[in-house]
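The values are calculated or read from the model by the stated rules, or taken from the named source; none is laboratory data. No experiment lies behind these values; they were computed from the predicted model shown. No Cβ is skipped: glycine too gets one built from the backbone with ideal geometry, and neighbour counts run over all protein chains shown. Note: accessible area is taken over every heavy atom of the protein model, side chains too, but ligands, DNA and RNA are not part of it. Shrake-Rupley method; radii C 1.70, N 1.55, O 1.52, S 1.80 Å.
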Amino acid sequence: MLSDLLGTKWTALVISTLEDETLRFGELRSRLTNISPKVLVQTLRRLERYGLVDRTVYPVVPLHVEYSLTALGRSAGEPLEALWSWVGSHAPPLR
């Protein structure tokens, strides 16, 4: 379900990372330092299945794949940013 997808930590971080630019898998991984390759692949596949991310494959050797947000994915960025802001201002301080 789409609402379940948007509530996950990695989904929000991937959408926020792709907000301003198109990135290759390795670039995404380097920016999201704590995500495992398996979880990143699963997250990107779910986002693509729900129409939030475009995956473009360039038929060159080695294979070149880029990920970018669709219009739907970009539209999810604003409410996700508002949610992160709300959490940041209402979460109890870490001890």
Exercise. Among the listed residues Val87, Val14, which satisfies the condition of being aliphatic (A, V, I, L, M) and open to solvent by less than 30 Å² (accessible area, probe 1.4 Å)?
Worked result: Val14
Exercise. Any chance segment 56-66 includes a residue that's among the charged types (D, E, K, R) and either open to solvent by 60 Å² or more (accessible area, probe 1.4 Å) or under 10 Å from the mean Cα position of the chain (by Cα) (or both)?
Worked result: no
Problem set entry | Any pair with Cβ under 7 angstrom, 6 or more apart, that starts in segment 21-36 at a residue that is open to solvent by 50 Å² or more (accessible area, probe 1.4 Å) and ends at one that is among the aromatic types (Phe, Trp, Tyr) | Thr22/Tyr67
For this session: May I ask you to verify whether Val53 is closer than 14 Å to Ala12 by Cα and β-branched (Val, Ile, Thr)?
Result: yes
